[in-house]
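Down below is the structure, laid out as C-alpha cells.
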Amino acid sequence: MEWHLLSFFVGYAAGSIPSAYLAVHWKSRIDIRNAGSGNVGTLNTYEVTRSKGVALVVLIADLAKGVFAAWAASLLPEAGFSVTATGAVAAVVGHNFPVWLGFHGGRGLATAAGATLLVCWPFVPFWMTLWLAGYLLTREENVASAVSSTLTILSVLTIPGGWITALLPGVPAAAVRVYVILVLVMILLRLFEPVRAYVEGLRK
C-alpha cells in the first residue's frame, strides 16, 4: 500500500504542473482561467494566445506529464500494473484538479493519453480513432472527446477479457478495465459543461 501512496503522490505532483497556465501567462500575461473557455489546456491555450507554437508546447508538456508519472511509478520497488496505473491515474487527477490553481485545471486528455501509452497502449490508438470519427461527425472537439471516451468505456466493459490479456500479456483484464474507466470518467466529468452547452446550442 505504501508504494501505491507514493505512486499517487508522484503522479499527482507531475500532473498538477500547470503547463497551460504557465505558458499563457508567459506569452500574454493572462490568467487562462479567466479567458476563453477558462479551461487550462491546449485548445484554450491556442484560443487565448492564437499561437500554434505555444499550444504545441503545452500539448507536449501535458503528454509528458502522463508519461513521466507512469514511468516514475514503474520504477518503484514491487511496481506491478496496479502501482504504475495508480501513478497514471494520479497524473490525470493532478492535471484536472491542480492544488496550485485552486483545483481549477484542464480536462486531462493529453495527460491521460501520455500515461496510457505506458500503462496499456492499445487503448490509445483505439480512443484516438473514435475521437477522430466523433470530430468528423460533429466538428466539435469536446463532443468528440465525450463520444470517444464513452464508447471506449463501453468497449472495455464488453470485449472479452482474453482479448485484453492477449494485447497486454500478464496484466489482469479486470485491472485494465478499472484503469481505463477511472481515467475516462475523470475526463467525462470535466466535459459535462461544454457538451451541455453544445446540446443547448443545437436546440436554439
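Answer yes or no as to whether residue 62 is free of Cβ contacts under 8 Å to residues at least 60 places away in the same chain and closer than 23 Å to residue 145 by Cα. Yes. Scanning region 144-177 for residues being under 21 Å from the mean Cα position of the chain (by Cα) and exposed (fewer than 13 other Cβ atoms within 10 Å of the Cβ) gives a total of 3.
Just checking, which of 13, 61 is farther than 13 Å from residue 115 by Cβ, modelled with pLDDT of 95 or more and either under 13 Å from the mean Cα position of the chain (by Cα) or among the basic types (Lys, Arg) (or both)?
Numbers: 13 fails: either under 13 Å from the mean Cα position of the chain (by Cα) or among the basic types (Lys, Arg) (or both).
Selected residue: 61, the only one of 13, 61 that is farther than 13 Å from residue 115 by Cβ, modelled with pLDDT of 95 or more and either under 13 Å from the mean Cα position of the chain (by Cα) or among the basic types (Lys, Arg) (or both).
For region 69-125, residues that are of a type in the set (Phe, Trp, Tyr) and within 13 Å of residue 16 (Cβ to Cβ) total 3. Restricting attention to region 15-34, the residues that are touching a helix residue (DSSP H, G or I) at 6+ places or on another chain (Cβ under 9 Å) and either loosely packed, with under 14 Cβ neighbours inside 10 Å or over 24 Å from residue 48 (Cβ atoms) (or both) total 2.
Does any residue of region 33-50 turn out to be part of a helix (DSSP H, G or I), within 19 Å of residue 112 (Cβ to Cβ), touching a Leu at 6+ places or on another chain (Cβ under 8 Å) and of a type in the set (Val, Ile, Thr)? Yes, the conditions are met somewhere in region 33-50. Evaluation of residue 116 against the conditions (1) surrounded by fewer than 18 Cβ atoms within 10 Å (Cβ to Cβ); (2) over 21 Å from residue 2 (Cα atoms) shows that the sole unmet condition is (1).
Does residue 142 qualify as being at pLDDT below 95 and either within 21 Å of residue 56 (Cα to Cα) or of a type in the set (Val, Ile, Thr) (or both)? Outline the logic, then answer.
Working: at pLDDT below 95: yes; either within 21 Å of residue 56 (Cα to Cα) or of a type in the set (Val, Ile, Thr) (or both): yes.
When the stated conditions are applied, residue 142 passes them.
So is residue 99 open to solvent by less than 30 Å² (accessible area, probe 1.4 Å) and either at pLDDT 95 or above or among the basic types (Lys, Arg) (or both) or not?
Values: open to solvent by less than 30 Å² (accessible area, probe 1.4 Å): no; either at pLDDT 95 or above or among the basic types (Lys, Arg) (or both): yes.
It is false that residue 99 is open to solvent by less than 30 Å² (accessible area, probe 1.4 Å) and either at pLDDT 95 or above or among the basic types (Lys, Arg) (or both).
Note on region 60-90: residues that are surrounded by fewer than 20 Cβ atoms within 10 Å (Cβ to Cβ) and acidic (Asp, Glu) amount to 1.
The values are calculated or read from the model by the stated rules, or taken from the named source; none is laboratory data. All values derive from a computational prediction rather than experimental measurement. Because the Cβ atoms are built from the backbone with ideal geometry, glycine has one as well, and the counts that use them run over all protein chains shown. For accessibility, only protein heavy atoms count, side chains too; no ligands or nucleic acids. Shrake-Rupley method; radii C 1.70, N 1.55, O 1.52, S 1.80 Å.
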